[in-house]
Every structure is written in structure tokens, then in C-alpha cells.
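These notes concern the structure reproduced below.
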Amino acid sequence: MSQSTLPCTLEWMENSFGLVQSESMDLQNDPRFFQANVLNKRLAAFSKLGVVSSLMAGFLRALSEHFVNRS
């Protein structure tokens, strides 16, 4: 886009900060967003780890209360 067709605010930003307007492809129906990726796998593993750790913490708390109350 040339400077003559830019709105005044964009022209000011281009002249002041060196920012330019760019054209990009649309992200609609991009197959990269619908494929399974590593981030999804890590998030699933992290949620499973949270479940296991909370179960272990509850078990250890119940176990410690059992032995404390026996005395």
C-alpha cells in the first residue's frame, strides 16, 4: 500500500515508528489449526497430572489423619 492511500493515523504511525500495514492470509479453514499438535498433547498430560497429584494428596492426607488419630 502506498502512503497516499493510507489513512492519516496509519501514515503517522508509518512515519513515526516505521510500522507498515501488511496483508496476510485469512486464518479461516486453515488446516494447521485443526490438526493434533504437541501443545494439545502437553495440555492433556498436564490435566491428567493434576488429577493424579490431587488424588495422591488426598490419599496422603487421609493416611496421615488415620495414623495421627490412632495415638
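A few remarks follow.
- Positions within the range 13-36 being surrounded by 10 or more Cβ atoms within 10 Å (Cβ to Cβ) and polar (S, T, N, Q), in sequence order: Asn15, Gln21
- Inter-residue pairs, beta-carbon under 6 Å, first modelled with pLDDT of 75 or more and in the range 14-40, second of a type in the set (A, V, I, L, M), 6+ apart: Glu14/Val20
- Residue in the range 3-11 that is among the charged types (D, E, K, R), modelled with pLDDT of 85 or more and either surrounded by 10 or more Cβ atoms within 10 Å (Cβ to Cβ) or not in a helix (DSSP H, G or I) (or both) present: no
The values are calculated or read from the model by the stated rules, or taken from the named source; none is laboratory data. Treat the numbers as computed from the prediction; the structure is a model and nothing was measured. Glycine also receives a Cβ, built like all others from the backbone with ideal geometry; neighbour counts cover every protein chain displayed.
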